[in-house]
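Okay, structure first, notes after.
Values quoted throughout were computed directly from the atomic coordinates according to the rules given, and no laboratory measurement underlies them. Predicted model, so just to flag it, every value in this text is computed and none were measured. Ideal geometry is used to build each Cβ from the backbone, glycine not excepted, and the neighbour counts take in all protein chains shown.
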Amino acid sequence: MKFTNLGLSTLHKVFRGKLVGPVLSLLIVIVTTQIMWQFYIFSVEWHFFKNHYLAYQFTNQEKNNSLTCPIPLPDPFDAAVMTYAEKLNPLSCRQVQPYLTYVDSNGTLMINNTAVKENRLDLSHLQCSFQTFQRKEKDDDKLSYDNEQPLYSHADLPKGKEFVNVTCIYEGNIIYRGYHTYIIRKAPAKHTTGKHLKPNVFIFVIESLSRLNAIRHMPKTYSYLTRTLRSQVLKGLNKVADNSFPNMIPFLTGRRVYTDPPELPGDQSIGPFDDWPFVWKNFSNAGYITALHEDSPEFTLLNYLSKGCLNQPTDFYLRPLWLALQGSPLWKESSQWCFGNVPKLKLLLDWILEFCKKHKKIPYFLFSFFIEVTHNDFNNAQLLDDDVSQFLEMLNRSGLFKNTIVILMGDHGNRYGNVLETEVGRIEERMPFFSIHLPLTLKKQYPHLQKYLKMNSERLTTWIDIHSLLMDVATETYFESELQHVWNTRGYSPWRMLIPNNRTCEEAGIPKQFCICQQFYTVSVDDPISKQVADAFVIELNSMLEPVSVLCAKLWLNRIIQAQVIIPDEHVAQKKGYIHAVKILIEVGPSRALLEAILQRDAWSSEYCTVGDISRLNKYKGQSECVADKKLRKFCYCFSSIVS
């Protein structure tokens, strides 16, 4: 025991005497290294923060310290935008044929004797025949035609047939090709009972229509909506993605596309989309008749470079008609935006009118989308103004809006042309038009609906919010609740919930690139930062094109058009983890494509990288047909284009 105690005592003295120095030295080294490392991290992040935030001389206008999203409300007639505005002549169709047939209200195909006489035709030499047709089973792109039958003075359409084409030959020449629809009264999938007739939902979408352009180029329509129908306009509606498909899918399903993890099943690029939770399914389950009507079958929401649906999605589905029109020789013979003697818009509006008349006593959900005229040029909206305003007035005067929620809207703003190089043009590109009219019956029963719409009219809203509103109608959820989310936690129903005044784009699910709340500091295109970001953008574009490099030419930087630093709010502008984000607009060769994106980096990144979508601001038809990928089409320049 003594030896043990002596030994321990001796070891303790030795340990204290010989190791205390090295141990202390080691501790000092560790602590010093830790301090120096933290100082290094601090200095790197401080240097980055100083050079990329504090160095900018922001003005009070550029830097808003409030947490509230500043909804931009620019002048629709701003001089910079009006430089690109043009006055167009009214749309006029070339008269290419007499109109020799029609379908009456009973479904009887008739020879138009008045037209025969006016065109001085001899009935004995007129040979007409007709074919009914329909969508081919399990295929959204093909048609099935029935046997051709002769047409003398009249013929009853076979039971259940909605579409028919007619060909008339006179003295050996085809002088007429006609296409007709017949709206068959259909019973709802489910019958429901209730004290009150459920409100109809009438949705009319005009491609690429912003609120500013509705005021600028559709003044009669805008005036009728806001003054006569007392429609409420949501001025703070912000799109959530680049083009039609990823904006309208949240509107129709409440879910976003191209997310990780995915919010929707299956292949979100090509479909089929039968299993997606489209809101028309909810309306069908609630006892509504449903209809989907779009023109331009090549570019419709679910069919552009996609399979669409294997089964017919709604009770009434007009895609077979437009496929037949597009396949007709008359399509190519007609003047722009016409089919034969008639504007394509009129074909769409005439069907809607007949549909509304047939369903006076049955609640309906109608989603109609007119694509062609306004897709490429914001000036073309003026060609629709007379027809759309007169159409709305006719429906209203006929009593067809008496119990109808009327929504007239765009899917996003104008996405093409030099106007997008202006500040106002870039703002309205992100802010689609949205107006909603509530019928008197709904206003009287639930007066808070109109009140909340007005309160939310200048607050940040998205298509997911509007989907919540549609779900309210389908489920008769009209109760007032400022806080309770029913359909999803992202969406505020704007007619029964108060949208927070300090809502951010991040909270609303709006990507940084499309956020209207963003504040910018414009940097000279000659600034080294501009060149660095632009070069990084081109490198990333070519990297994305690498899988199709045998088809697409390598891109190069032609010029930098605009560079803007995104100014973060002060509460997030901290040196630790500071992110420097730049919105860049460039032109690349050989395609002369105008491409815009946000690139960002932090203190520890060596290069800027894109975040979110890349936007193409000018047309690319004829440049990228060699690839089928929707995203790559925006900036691929096919070698075949160079050859041609």
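Where the alpha-carbon atoms of segment 471-538 are placed on the principal axes, they occupy 57, 24, 15 Å, in descending order. For the chain, the antiparallel share of DSSP beta bridges with both residues in that region comes to about 75%.
Just to be sure I understand: of the beta bridges DSSP finds with both ends in segment 200-514, what percent are antiparallel, rounded to 5?
30
The Cα-based radius of gyration and maximum Cα-Cα distance (Dmax) for the chain are 31.1, 138 Å. Each distinct pair of alpha carbons in segment 283-358 adds a 1/r term; the inverse of their mean, the Kirkwood radius, is 13.8 Å.
Using only side-chain charges placed at the Cβ, +1 for Lys and Arg and -1 for Asp and Glu, the dipole size of the chain relative to its Cα centre rounds to 1700 debye. Between 176, 279, 257, the Cα set farthest toward the positive side of the dipole of segment 171-326 (charges on each charged residue's Cβ, about the Cα centre) is that of 279. Any idea what angle helix 2-49 forms with the longest principal axis of the chain, computed on alpha-carbon atoms, 0 to 90 degrees, nearest 10? So the helix axis and the longest Cα principal axis differ by about 40 degrees.
The alpha-carbon positions of segment 190-321 define a convex hull whose volume is 158 Å³ per residue.
Footprinting exposure proxy ranking of 166, 533, fewest other C-beta atoms within 10 angstrom first, gives 166, 533. Both radii are taken from the alpha-carbon atoms of segment 518-643; with Rh as the Kirkwood radius, Rg/Rh is 1.02.
Per-residue Cβ neighbour counts within 10 Å put 278, 639 in the sequence 639, 278, beginning with the fewest.
With kT/(6 pi eta Rh) evaluated at 37 °C and eta = 0.692 mPa s, and Rh the Kirkwood radius from Cα pairs, segment 200-514 diffuses with a coefficient of 165 µm²/s according to Stokes-Einstein.
Between the helical axis of 244-253 and the longest alpha-carbon principal axis of the chain there is an angle of about 90 degrees. For residue 176, the residues whose amide H sits under 5 Å from its own are 168, ignoring neighbours fewer than 5 places away on the same chain, with H placed 1.01 Å from N. Between 0 and 90 degrees, the angle of helix 463-475 with respect to the longest Cα principal axis of the chain falls at about 60 degrees. For the chain, the relative contact order is 17 percent, taking Cα pairs closer than 8 Å that sit 6 or more residues apart in sequence and dividing their mean separation by the residue count.
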